[in-house]
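The values are calculated or read from the model by the stated rules, or taken from the named source; none is laboratory data. These figures come from a predicted structure and were not determined experimentally. In this analysis, Cβ positions are derived from the backbone assuming ideal geometry, glycine residues included, and neighbour counts consider all displayed protein chains. Accessible surface is based on the protein model in full, side chains and every heavy atom, while ligands, DNA and RNA are left aside. Shrake-Rupley method; radii C 1.70, N 1.55, O 1.52, S 1.80 Å.
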Amino acid sequence: DGEISKILESESRKLNIHHEKLISDIRKQKGAHYDETGWKVQLEELGSFAWVMTGTESTDTAFLLGRTRGKGNAEELKGNNIKQVGISDDYGAYRNLFEKHQLCWAHPLRKLRDLAGSDLLTTEAQNRCRESYARFASLYRTLLDELQKPFDVAERRAIRNKLKETLLEVAKPHPSDPHKLRTMKESVRKQADAYLTCLTHDGIPPNSNKAERALRHLVLKRKTSFGSKTQRGAETTQILA
């Protein structure tokens, strides 16, 4: 076990310069996806989370392991490129981090779908959730269709204004909304602009699915290895990953 650790650490030292270049290359792309997941470190020094950043224009992916769930980790990955669009879910660490922010449509869509299928709600509340899910899903399909069309700034701005009106209408609160639905609607209304950044910035997707896919092999490794023993081990794995 100790010999394997030494070999992995030796390889990570050789690859560290490439790890740094990966981060640099991702920062130069039009956009970058961000996400985080748990990564247990037995002798924890900094934290038990893993962060990922992957670019919109390549498969380049960079990780930080054995970290807290705080905003500083995303800032460390992001660097100083204020022109780059950040693509993420609605986790608080990403708020106010990007000058240009694209929020993921897939996350609220999944939450609305789960609410629509919940057996714990009254019939009236469930109907409200089903209606909201159907309208949000329809708007998402419309957005995806628009993104398939040739990019024209003037046309995209006009479409963006129309879709924003529809999004605000879909997220308008109703007295019969259950608490979770009402909370989701409030969040969407407050950040409506961030859900439509993709329309006015060419090459930016409307979801952070790529970041979730980038974390998949790390999540599988976590399930079989239970994370890292030490902070050094976590840093070795982040470079090798």
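Residues in region 29-70 that are within 17 Å of Gly86 (Cα to Cα), open to solvent by 70 Å² or more (accessible area, probe 1.4 Å) and touching a residue at least 60 places away in the same chain (Cβ under 8 Å): Lys30, Glu57. Has region 154-164 got any residue that is more than 23 Å from Asp90 (Cα to Cα), out of contact with any strand residue (DSSP E or B) (no Cβ under 7 Å at 6 or more places or on another chain) and modelled with pLDDT under 95? Within region 154-164, not a single residue is more than 23 Å from Asp90 (Cα to Cα), out of contact with any strand residue (DSSP E or B) (no Cβ under 7 Å at 6 or more places or on another chain) and modelled with pLDDT under 95.
For Lys83, the stated conditions do not hold, so it cannot be described as charged (D, E, K, R), buried (at least 17 other Cβ atoms within 10 Å of the Cβ) and touching a Lys or Arg at 6+ places or on another chain (Cβ under 9 Å).
Just give me the residues in region 121-165 being open to solvent by 60 Å² or more (accessible area, probe 1.4 Å) and among the polar types (S, T, N, Q), in sequence order. Of everything in region 121-165, those that are open to solvent by 60 Å² or more (accessible area, probe 1.4 Å) and among the polar types (S, T, N, Q) turn out to be Thr122, Thr123, Asn127, Gln148, Asn161. If the condition is being surrounded by 14 or more Cβ atoms within 10 Å (Cβ to Cβ), under 14 Å from the mean Cα position of the chain (by Cα) and either among the hydroxyl-bearing types (Ser, Thr, Tyr) or more than 18 Å from Arg141 (Cα to Cα) (or both), then region 187-221 contributes Tyr195, Ser208, Lys210, Ala211, Glu212, Arg213, Ala214, Leu215. Return yes or no: is Ser208 closer than 30 Å to Phe49 by Cα, touching a strand residue (DSSP E or B) at 6+ places or on another chain (Cβ under 6 Å) and at pLDDT 95 or above? It is true that Ser208 is closer than 30 Å to Phe49 by Cα, touching a strand residue (DSSP E or B) at 6+ places or on another chain (Cβ under 6 Å) and at pLDDT 95 or above.
Let's see how each residue does on (1) farther than 22 Å from Asp35 by Cβ; (2) hydroxyl-bearing (Ser, Thr, Tyr):
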| residue | (1), (2) |
| --- | --- |
| Asp89 | no, no |
| Glu99 | no, no |
| Pro108 | no, no |
| Arg113 | no, no |
| Ala116 | yes, no |
| Gln126 | yes, no |
| Tyr140 | no, yes |
| Ala158 | yes, no |
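Among the residues of this structure, Phe151 counts as one that is on the phi < 0 side of the Ramachandran plot, at pLDDT 95 or above and not in a helix (DSSP H, G or I). Scoring Thr224 on the criteria (1) among the β-branched types (Val, Ile, Thr); (2) buried (at least 19 other Cβ atoms within 10 Å of the Cβ); (3) free of Cβ contacts under 8 Å to residues at least 12 places away in the same chain leaves a single failure, condition (2). Selection of region 166-186 for residues being surrounded by 14 or more Cβ atoms within 10 Å (Cβ to Cβ) and either in a helix (DSSP H, G or I) or in contact with a strand residue (DSSP E or B) (Cβ under 6 Å, 6 or more places away or on another chain) (or both) yields Thr166, Leu167, Val170, Lys180, Leu181, Arg182, Met184, Lys185.
Kindly indicate whether any position in region 15-28 is of a type in the set (A, V, I, L, M, F, W, C), open to solvent by less than 20 Å² (accessible area, probe 1.4 Å) and in contact (Cβ under 8 Å) with a residue 60 or more places away in the chain. There is no residue in region 15-28 that is of a type in the set (A, V, I, L, M, F, W, C), open to solvent by less than 20 Å² (accessible area, probe 1.4 Å) and in contact (Cβ under 8 Å) with a residue 60 or more places away in the chain. Checked against the criterion of being farther than 22 Å from Phe63 by Cβ and of a type outside the set (Lys, Arg), the candidates Ala116, Ala106 yield just one match: Ala116.
Among the residues of region 2-41, which ones are over 23 Å from His201 (Cβ atoms) and of a type in the set (Lys, Arg)? If the condition is that a residue be over 23 Å from His201 (Cβ atoms) and of a type in the set (Lys, Arg), then Lys6, Arg13, Lys14, Lys21, Lys40 are the ones that fit.
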